[in-house]
Amino acid sequence: MKIDPFPVGYHGELLTMLTTLWVSRGRPSLRSIAKKSHVSLGWVSEVMGGRKIPSGDVAVAIAKALGANADQQRRARAHADTAAEVERSIRRHAATQRTPRQTAQAVEHRQLSPAATGDMRQETERAWTKPSAPDTSMLPTPVQVEPVPLWRVQHFTSPAFVGRHDVVTRLRRRPDTGRDALIGHSITGLGGVGKSEVAARYAVTYRDEYPAGVWWLAADGRAAMDAGLASFARRLTQACRDLPDEAAADWARQWLQHWPGWLLILDDVTDPEDVVQLLADLAGASGGHVLVTTRRDVAWDVIGLTPVPLDVLSLADSADLLLERTGQRDRAAAEGIAGELGCLPLALEQAAAHMRHHVMTLDRYLGQLRRQPEQLHAAVTPPHSAERAVARVWDLTLDALWTVDERATLLLGVLAWLAPQDIPRDLVGILVDDDVAADQLLGRLASYSMVGLGQDAINVHALVQAVVRAEVCQQGPPEGSNPAYETAVRLLAEAMPGDPFRDHTIWPRFRRLLPHIAAVAANRPGPTAADGLVGLLLNEAGAFEITQGHYQQARGLLAQAAAVTEAATGESRELAIRLGNLAHTHYVLNELDEAAQLQQRALHITETTVGPDHPDLVIRLGNLGVIEFAAGRPAAALVLHERALAIAEAPADPDPYLVARVLLNISVSLRSLGRPAEASVAVERALACYATMRPADAADLPETLVALAAEQTAQDPESPDVADVLGEFAAAYRAMGRPAQALPIEQRALAIAESALDADHPDLARRLSQLGVTHAELGRPAEAVPLFKRALDATAPDSPELATRLGNLAAAQLTLKHTAEATALLERAVATAERTDGADHRDVGRLLNNLATAYDREGREVEALTLRRRALRIAEDRCEPDHPDLATALGNLAKSLRTRGQSDEALVLQRRALRIAKKAYGEHHPSVADCLEGLALSYLELHSYPAAMQLSQRSVAIRRATLGPDHPSLAHPLITVAVLCSTENPDQALDMLEHAARILEAAFGPHHPDIASPLEIAADLYRRVGRHAAADAVVRRLAELPGQRPVRHSGIGTVWSSQQQ
């Protein structure tokens, strides 16, 4: 983008409107805009680039080509007419005489040209997941990495070092704690007093006394400290290179605790709490030295640091500094300048740089200072004197820079709104669109000591930034316009690298831009024309934090995005998108009430702004339906999904891809409501929708779905987004009890994820976990365990998914009879869920039930019973009286009571569970069948065989009607009925047992251990009716099962004896 020769700030509202329309239309090419608007391509390019103010007619034509409605077209004309009038007024008065100061003030009205944003993408609505922790199995321990004399001091010492030699000597003195103890000093003083200069001088002077290295950390926040420690760790060993900052910083702390002989400089600590934990960690280190520089004058000795207060220089030392840096001899003038500047070293260095560059005498410089008495005082009291002194030097430097190169002045005004540290140098290249010119501008600023330059980074002192921002706000253009700020915002918008969900290779770039997005949001000078883009930047930052698993941070950023967008646009379509994204973070954090409220508001705004039949409503309704389902309201979710389907199918030519995605949501709700047949129909309809786009190949369904998803999402077939679509279909098949059909789809999804993502990416962990679940449902726990382990290894310690992943692995280990491992995993899962969700969360209750099962296996029935009672209390406290989770908790406790011979109490709980299930699902839901089966088993234990038979038969009938005659869940109820009817009709019982065995074999394979149950009972029954040859054949079949124990007592004997009596 080019620098604009006239004050673009006056037509910033028009440019922001056109840019927003352009983004909402999917970033059409300038050529297509010109074709639709009948405006020349050159004019379109100039207007969209902010280089020309269009007439009202041209503005309306371009806005209309970008899909503006009538109201937006009227506003476009009004903005264009107003901007044109302002420009004419400015040009009429361009010849007015100005003093140099007035000229500098007028310059503040200018800004760098905001070109049409290049890399802004459309808003994302896809489900977000969290990243996972890296594999640290190959990471060496700190003890294994020996010290090397590393050196990083991010401060260049001044050639003229005066008045501080005694301070440097004091820093070298060891306290009475001994030479091998940790040494700590805090250099305190106001900003610009030279704290960093003293620290750097000490490091250079005594470098040889630190064989383990000298390392400088920016410490203006915990994140900055972690980044510095992480950089230290990565320099020590390449093994830390791929660790995130937090993990690498922890490794560095451990290394510092172990090895002596190092100097750690924590520069510009703004909050003492930021360093308390680090100092506590290093308290036991021997032979280390921590040096803190800070503006805060607090009780640093309480946390182990010896305070070293630093004041401004004396007048004599200040004069010496100026004389040495300028090479002049006029001490009187030097002392006069030092007095005017409050003897602040930072101001003195800037003054000397100014005089050297302009070959200016000390006396002339002093005269310029004294001609501006309203902003400068000769004798003042710190700290206020420091800020005003720096401001005075900035005014002079502004005049000089404006005279030499006005573009450098404008550039500094833009940089002032970004974070002070690590401004990517290429941002200036984007702004100027000329690398050579960018280097020249930065070199000009560096020559006036306004910025610090690195090979790829720019640093601007935070105090200098504050002064510049104050100047811009006080002397800038009319309210609602701030050209420098708006240019900084547009620059960041253009520098955004893409979609963090679809391309993890851009994460380092996002991580680097994040502090600057936070800065423009925090320093926002009231409402501006760029507020729409500020909302977009905050939204992008929140999306990035979601990819990192930082949901709390994402929630804060997205809340800001929604607030800024609402202030800028009112109840607009953009606000609805922001609210929907914010709702997603609440949903992931299990704050379902807040999520539902936000989604409901987003839905209302969407209905109001685009109408009741707009495709956006499909997304809003679907998201709200997902939240309702998670809150245990599947019926309400179904109503929302069905309305979404009606909207999606309403057009004459509906989008089959959109319809298919809605049908998948409907299938999940139907399945939960006990309508699996209808759920199956919904899935088949979804597949039929895909078939209308591409002929389906039943023999290769995964590849058909891959091709279709790639076409509809405009992604590469190997994109993670395509893997997500496959995962949705696989989940639908599993929900219908068809894990065998889900398996190849999940396998293809995992293959895509593995080829596109890093080993520690959260989406890969999710795919591994889902494939493991599919194997587990197919009765293949041995194949599920390694998948669950990989997923667990890739899950961050603070991830909301950690407890679930631990529970999945534990369930597979329980199936494999690895009870000890399963118990340890479940205990960890419960502790994790209690820590992240609270001790009374519903997920904690579910995990407690699973842990109780493990305790039962270990013979710890009393502890298991206690856990199930606690799980029931959680369900009663956290759920509505008729919530299905409460029925599950009642059934689990009843099972535990039944195993302890307390069948009467179990019977009461089972009856209550049955009432809840019937109310929630109706009479014919599989969950009702579960309750009937549990009730039947209680009656069986009480020897009430007729009642048990009636209940078991009802359970079987419901399962056959809702799930089909061969669903895996039908096997065990058939076994119960077979046992009960074995005395009166053994042939029918044997048929049922054989049917149960066939069901289990078809679902889980011929060698699944569960097949042993019906076979053992059949062998016992064959012997009781005298068919010994058939019994022997079943025993031989049992012997083929892996790990099969000798045939145990089947329980038929008890039934036979009781019924004969």
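The values are calculated or read from the model by the stated rules, or taken from the named source; none is laboratory data. None of the values given here were measured: they were computed from a predicted structure. Cβ coordinates were reconstructed from backbone atoms using ideal geometry, including for glycine residues, and neighbour counts include every protein chain displayed.
Restricting segment 861-906 to residues that are of a type in the set (Ser, Thr, Tyr) and surrounded by fewer than 20 Cβ atoms within 10 Å (Cβ to Cβ) leaves a set whose member that is farthest from the chain's Cα centre (by Cα) is 899. Within segment 532-553, the set of residues being touching a residue at least 60 places away in the same chain (Cβ under 8 Å), in a helix (DSSP H, G or I) and of a type outside the set (Ser, Thr, Tyr) comprises 532, 533, 536, 539, 543, 546.
Matching residues to (1) modelled with pLDDT of 85 or more; (2) surrounded by fewer than 22 Cβ atoms within 10 Å (Cβ to Cβ); (3) hydroxyl-bearing (Ser, Thr, Tyr); (4) under 20 Å from residue 672 (Cβ atoms):
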| position | (1), (2), (3), (4) |
| --- | --- |
| 929 | yes, no, no, yes |
| 936 | yes, no, no, no |
| 967 | no, yes, no, yes |
| 970 | no, no, no, yes |
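Looking at 882, 840, 856, just one residue is more than 20 Å from residue 934 (Cα to Cα) and not polar (S, T, N, Q), and that residue is 840.
Restricting attention to segment 346-371, the residues that are within 54 Å of the chain's Cα centre (by Cα) and either among the β-branched types (Val, Ile, Thr) or closer than 23 Å to residue 444 by Cβ (or both) add up to 18.
Annotation note: Cβ proximity below 9 Å between a residue of segment 212-233 that is of a type in the set (Val, Ile, Thr) and a residue that is outside any helix (DSSP H, G or I) and surrounded by 20 or more Cβ atoms within 10 Å (Cβ to Cβ) (sequence gap 6+ or interchain) occurs for 214/153; 214/262; 214/263; 214/264; 214/265. When residues in segment 412-436 are screened for being over 29 Å from the mean Cα position of the chain (by Cα) and surrounded by 21 or more Cβ atoms within 10 Å (Cβ to Cβ), 3 of them pass.
Would you mind stating whether residue 804 is modelled with pLDDT under 85 and either in contact with a His (Cβ under 6 Å, 6 or more places away or on another chain) or among the β-branched types (Val, Ile, Thr) (or both)? No; evaluated as a whole, the condition is false for this residue. Taking the criterion of being under 18 Å from residue 166 (Cα atoms) and either assigned to a helix (DSSP H, G or I) or aliphatic (A, V, I, L, M) (or both), the residues of segment 199-214 that qualify are 199, 200, 201, 202, 203, 204, 205, 207. Does residue 555 count as basic (Lys, Arg), touching a Gly at 6+ places or on another chain (Cβ under 8 Å), within 19 Å of residue 24 (Cα to Cα) and at pLDDT 90 or above? The answer is no for residue 555. Starting from residues that are within 9 Å of residue 557 (Cβ to Cβ) and surrounded by fewer than 24 Cβ atoms within 10 Å (Cβ to Cβ), keep the ones in segment 515-538 and report whichever is nearest to the chain's Cα centre (by Cα). Only one residue fits best here, namely 518. Here residue 817 meets each of (1) under 28 Å from residue 1000 (Cβ atoms); (2) in a helix (DSSP H, G or I); (3) not β-branched (Val, Ile, Thr) with one exception, condition (2).
Among the candidates 952, 969, 944, single out the residue that is more than 22 Å from residue 882 (Cα to Cα), touching a Lys or Arg at 6+ places or on another chain (Cβ under 9 Å) and of a type in the set (S, T, N, Q). First the steps, then the outcome.
Numbers: 952 fails: touching a Lys or Arg at 6+ places or on another chain (Cβ under 9 Å); 944 fails: touching a Lys or Arg at 6+ places or on another chain (Cβ under 9 Å).
So the residue among 952, 969, 944 that is more than 22 Å from residue 882 (Cα to Cα), touching a Lys or Arg at 6+ places or on another chain (Cβ under 9 Å) and of a type in the set (S, T, N, Q) is 969.
Quick one: count up the residues across segment 38-54 that are in contact (Cβ under 8 Å) with a residue 24 or more places away in the chain and within 13 Å of residue 22 (Cα to Cα). The qualifying residues number 3. All but one of (1) of a type outside the set (Ser, Thr, Tyr); (2) farther than 29 Å from residue 460 by Cα; (3) in contact (Cβ under 8 Å) with a residue 24 or more places away in the chain hold for residue 332; which doesn't? Looking at each condition in turn, residue 332 falls short on (3). Would you pick out the residues in segment 495-514 that are outside any helix (DSSP H, G or I), at negative phi and surrounded by fewer than 20 Cβ atoms within 10 Å (Cβ to Cβ)? If the condition is that a residue be outside any helix (DSSP H, G or I), at negative phi and surrounded by fewer than 20 Cβ atoms within 10 Å (Cβ to Cβ), then 497, 499, 501, 502, 503 are the ones that fit. For first residues located in segment 825-839 and closer than 20 Å to residue 587 by Cβ and surrounded by 23 or more Cβ atoms within 10 Å (Cβ to Cβ), partners that are β-branched (Val, Ile, Thr) and at pLDDT 85 or above and lie 6+ apart or on another chain with Cβ distances below 9 Å form the pairs 833/804; 833/844. The set of residues in segment 463-491 being surrounded by fewer than 17 Cβ atoms within 10 Å (Cβ to Cβ) and at pLDDT below 70 consists of 473, 474, 475, 478, 479, 480. Please go through segment 675-692 and give me each residue that is crowded, with 24+ Cβ neighbours inside 10 Å and either at pLDDT 85 or above or touching a Gly at 6+ places or on another chain (Cβ under 6 Å) (or both), ordered by number. Answer for segment 675-692, where residues must be crowded, with 24+ Cβ neighbours inside 10 Å and either at pLDDT 85 or above or touching a Gly at 6+ places or on another chain (Cβ under 6 Å) (or both): just 682. Close contacts from segment 755-772, counting a first residue that is among the hydroxyl-bearing types (Ser, Thr, Tyr) and a second that is at pLDDT 80 or above, with Cβ to Cβ under 8 Å and a gap of 6+ residues or different chains, come to 769/787; 769/788; 769/791; 769/801; 769/804; 769/805; 769/808.
Within the bounds of segment 449-461, is there any residue that is more than 16 Å from residue 495 (Cα to Cα), at pLDDT 90 or above, of a type outside the set (Ser, Thr, Tyr) and crowded, with 18+ Cβ neighbours inside 10 Å? Within segment 449-461, none of the residues are more than 16 Å from residue 495 (Cα to Cα), at pLDDT 90 or above, of a type outside the set (Ser, Thr, Tyr) and crowded, with 18+ Cβ neighbours inside 10 Å.
Scan 312, 308 and give me the residue that is at pLDDT 90 or above and among the β-branched types (Val, Ile, Thr). Every option except 308 fails the conditions. None of 834, 827, 783, 821 is among the charged types (D, E, K, R), at pLDDT 85 or above and touching a His at 6+ places or on another chain (Cβ under 7 Å) except 783.
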